[in-house]
Structures are given as C-alpha cells and as structure tokens.
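What follows is a set of notes on a single structure, which appears directly below.
The values are calculated or read from the model by the stated rules, or taken from the named source; none is laboratory data. Remember, it's a predicted structure, so these values are computed and weren't measured experimentally. Glycine gets a Cβ as well: all are built from the backbone with ideal geometry, and neighbour counts include every protein chain shown.
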Amino acid sequence: MSRRHRWAAVASTLALVAAGSVGVLLHADAYVNSQTIGDPAGDANTIVDAQGHTTPTANEARADVVSASASYTPGSIVLSARTAQANDPRNDPQWTTSDSALSFFLDTTNDKKYDYHVLWGVDGANLYADVMAAADDGTPICSGTPSLGADGSYVVTLNPQCLGNPTAFNWGGRMEYGATGSQIMDRFPDGDGAYAGPVALNGTPPATTPPATTPPASPPGGDVAPGPAPVPASPVATPRPVVAAPLSAGEGFWLLGRDGGVFSFGTARFYGSIGNIPLNKQIVAMAARPDGSGYWFVGSDGGIFAYKAPFWGSTGNIALHKPIVGMAATPSGEGYWLVASDGGIFAFGDAGFYGSTGSIALNQPIVGMAATPSGKGYWLVASDGGIFSFGDARFYGSTGAIRLNQPIVGMAATPSGQGYWFVARDGGVFGFGDGRFLGSAVSDNPVPVVGMAATKAGAGYRIARADGTVTAFGNAIPGGGLNGALAAPVVAIVAAS
C-alpha cells in the first residue's frame, strides 16, 4: 500500500507548523553555488504533535540532523541532509510503516516564505522525492531523484525547471521521525524559521538583464547550434468550464496540454502536472511507464518532468540543432528516447541508440516516434508520412510518396510490432502492416488533430484534437475527452495499461 498519499496531508499540516512564518535569512551577504551548513548534535529531543504542541524527549540520533547541503549547477539542484546515525530508511519500520520523512523548504522569490516543499521518504521498498508548490502543499507537481549518499545522507536531485528555473534560492528543512502525532523533529538550520542561502546558479547573483551565454560544448554524439524557436501559439477560445467525459470501461488514457496540464481518464491515474509553473519552453510530448504507474513530459528543449517515474536524463541544458518533438518509453519503463525534428535521437536509461536521421537532409521534419515491443528499435515518422526504421523496427510502408491533404502529426505502433498507424492533422488515418484501418476522424471540425494512441489489445485507437475532444475507433471504448476552452491546447494523447 502506498504511503505517499497519506503523507501529503500530514506534510501540509507540518509545513504550517514549522516553516510557514520564515523571517530570518542566514549568510545573505554572498551568493554561492554550493553551501554546507552544520546543525548541533543532540537536539532531536522534541516531540511535536499534529497541532504543533511540543514535549521534551530523549535525543533520537536517527532524527538528529548534523549537517545539510545545497548546490545549484546547470540542469541540477542537489539537496542533502545527514543525521547523527546513518540509517537506510528502507530497513527501518519508523519509515516503512510509520510517517517519517525529510522535508526541504525552498524560497525562490527571496520573500522569506517557502515557495516549494520537497518531501523525501519511503513508499513501500522504494525511495521517493515529491515536489509540491506552497500554494497546494500536498499535491506533487513533479518528482526529484532520491538517493542515499556514501555517508548515509539523504539526497535528492531536482530538475530546476520544476521550480521555474530560479536564479537563486534560500533553503532550510526539517526531519520528522516516527508516527504522526508523536514525531521527533529537528529543523535545520536551527532558529525560528531560519533559512540558509542564497544559493545561485554558478554562484552568480540575480541580474536584471540576463548575461549573454555561450552554447555548451556538444556531448558525445550530439551537435550544438542555437536553441529551438518557440512553438507558435494555437488560438484558444474564450474560457468556458472544462467538462471531462467519463470512460466507463477498463481502459484509460491521458491528455497532455502544452502547458504541462494533465487530464486523466478511465484507469489512467493522475500523478501530477506542471500546468501552474512558468516554463522555459512549451511541453511537446509525453510517455508513460508500460504498467501505467507513472509518466514523463518533455519540453521542446528536451527538459524532462517525471511523475512517479525515474528521471534518467534530459537535454534541457544542451543547445539543440532542432527542437524535441516526441518521446517514447522503453518496455521496462527504465528509460526513454527523445527525438528532435531533424531526427536526432537522445537515449536515456536502458534505451539503446540504434540510429537517427540527425545527419540526413530530410524532405520534411520528424513529428513523432514509436518503439518496438522488444525495445530494440524504433520508428520515426516525418510530416509527409515518410518512415525511418532503426534497430529491429521493420518498414511496412509509408505515405512519403503520396500527396497528403494535411501533414502527419503522429503515429502509433501495433502491440505486435508488425505494423503502425499515422494520423494527419485533419484526422486522416493510414494503416500499415497489421495496423488495420478502423476509421478516421476527418470531419468539418476545424480544430487540428494532435495525435493518436492505440489500445493495448491493438484492435483500436483514439484520436485527440487540440481542444481535448477524443474520438474512438475499433475496440477503443467511446468516452473520455474534454468539452470546453482550455488554458492551453492539448498536444498529446497517451494510452494507459
């Protein structure tokens, strides 16, 4: 049974108890990109109940924070805390069956109030690190990567994009050890709501005008050029209430907005979104773990946002030749691929690199990709329907030599890996191999189609438009989708298990 949902309400209450009235800033005379602070030993000697009342108790070494650190480098914020007694929470009942957790509070606006709460803990046998905004502390907006340091410290690595890419942050935290209502608590740094910091990217103070930057050197196998141009905005109608149509059967899917907003239907669970966070680049694609237990989003710059899914890497701090336009997860859920509009492939986790079109002059840009069932290959599709097969992905046909009424905007592979479908912007569908044609969404609806998702059985598919309306074909159960004007257009549809 997951403990994370129960902890969300607990953490929100405790945040108000111990971190809601921060008014002191330590070490504010210099900006650094890395900071380590000490905390007195022997002061984990207070029990705090759910109402904030305190009772003295014997010091608990496993709750006694003695040092903590924060660093900020391009693409990465790392936070850590070490207790007097090294302890693997996965083997401690006070963590696995109780409500112990470590909290970091980050002030990114320098107003002496926390803007983000990072909750580090154990869910079953796994570590987790959920990030919540102060406005809704208790609802994760993204996930960090938790780990244990060589000295037993508790560590979390964050993608700065989740925090709105702050120029600097002040920080502090609190350890809570034991069950709710009788937790032993130790704050760091000590003091009545004190913060350490500020910690700034590369130790550079915030500037009113950002300095000119030099593109970073290319990583192995990649080229460097000016970053992608912004994706043109799609018109959005005057807002009306958004209504979600139900999905009655045992199927599910997600719709993803360009702002990172997520809508879940049927068996697809909601794990978080970034619809309320300012982004450097627009969100363009999404992929889910094969069992539906988590998902990732990617921006046009390759920045990754992970929700109950491991973060394996990104291109968010690399100047790309062309913007990212699609992604696909590996069958294990332990990796993913990103594809740029020139067909450049970026592989992370257990995703293998099997080839790309990054060095080929294409007739039309790549608009999407799909992986084979084995994870040993993938297809790339261009806007003219041209197909590029790599690894064990076989070529079953294309529309590259056909004059289309509207460009292709996405593709889906069949579960067998022996076929695929394309969908065009007007809803036209093209099936190849064992991807049977089951109907198209061509109509007088002027709202463009943005993608398609196949059912797990492979005998059906769903087609989504930018306004969130969804049309089902074959064995895809009708239902699901949105009715009403959105804050941002839908850009992707992804099937759940």
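Residue under question is Thr315, and the condition is that it be among the β-branched types (Val, Ile, Thr), in a loop (DSSP other than H, G, I, E, B) and over 28 Å from Val262 (Cβ atoms); does it hold?
Working: among the β-branched types (Val, Ile, Thr): yes; in a loop (DSSP other than H, G, I, E, B): yes; over 28 Å from Val262 (Cβ atoms): no.
The answer is no for Thr315.
Does region 318-332 hold any residues that are closer than 15 Å to Trp379 by Cβ and either outside any loop (DSSP other than H, G, I, E, B) or touching a helix residue (DSSP H, G or I) at 6+ places or on another chain (Cβ under 6 Å) (or both), and which are they?
Val325, Gly326, Met327, Ala328, Ala329 - these are the residues of region 318-332 that are closer than 15 Å to Trp379 by Cβ and either outside any loop (DSSP other than H, G, I, E, B) or touching a helix residue (DSSP H, G or I) at 6+ places or on another chain (Cβ under 6 Å) (or both).
Among Ala63, Ala19, Ala30, Ala11, which is the only one that is among the aliphatic types (A, V, I, L, M) and at pLDDT 80 or above?
Ala63 is the lone residue from the list that is among the aliphatic types (A, V, I, L, M) and at pLDDT 80 or above.
Results for (1) under 23 Å from Gly377 (Cβ atoms); (2) of a type in the set (Phe, Trp, Tyr); (3) surrounded by fewer than 19 Cβ atoms within 10 Å (Cβ to Cβ); (4) assigned by TED's automatic domain parsing to the domain that holds Ser264, shown as yes or no for each residue.
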residue	(1), (2), (3), (4)
Met411	yes, no, no, yes
Thr414	yes, no, no, yes
Gly427	no, no, no, yes
Ser440	no, no, yes, yes
Arg462	no, no, no, yes
Val470	no, no, no, yes
Ala476	no, no, no, yes
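Yes or no: Gly42 assigned by TED's automatic domain parsing to the domain that holds Thr157 and part of a loop (DSSP other than H, G, I, E, B)?
Working: assigned by TED's automatic domain parsing to the domain that holds Thr157: yes; part of a loop (DSSP other than H, G, I, E, B): yes.
It is true that Gly42 is assigned by TED's automatic domain parsing to the domain that holds Thr157 and part of a loop (DSSP other than H, G, I, E, B).
Name, by its number, the condition in (1) surrounded by 19 or more Cβ atoms within 10 Å (Cβ to Cβ); (2) on the phi > 0 side of the Ramachandran plot; (3) not charged (D, E, K, R) that does not hold for Gly124.
(1)
What pairs come out if I take residues in region 71-95 that are outside the structural domain of Gly316 (by TED's automatic domain parsing) and under 16 Å from Asp39 (Cβ atoms) and pair them with residues that are of a type in the set (Ser, Thr, Tyr) and assigned to a loop (DSSP other than H, G, I, E, B) whose C-beta lies under 7 Å away, six or more apart or interchain?
Ser80/Ser153; Ala81/Ser153; Arg82/Ser153
Please find, within region 281-308, the residue that is surrounded by the fewest Cβ atoms within 10 Å (Cβ to Cβ) out of those that are among the hydrophobic types (A, V, I, L, M, F, W, C) and under 8 Å from the mean Cα position of the chain (by Cα).
For region 281-308, the residue satisfying everything is Ala306.
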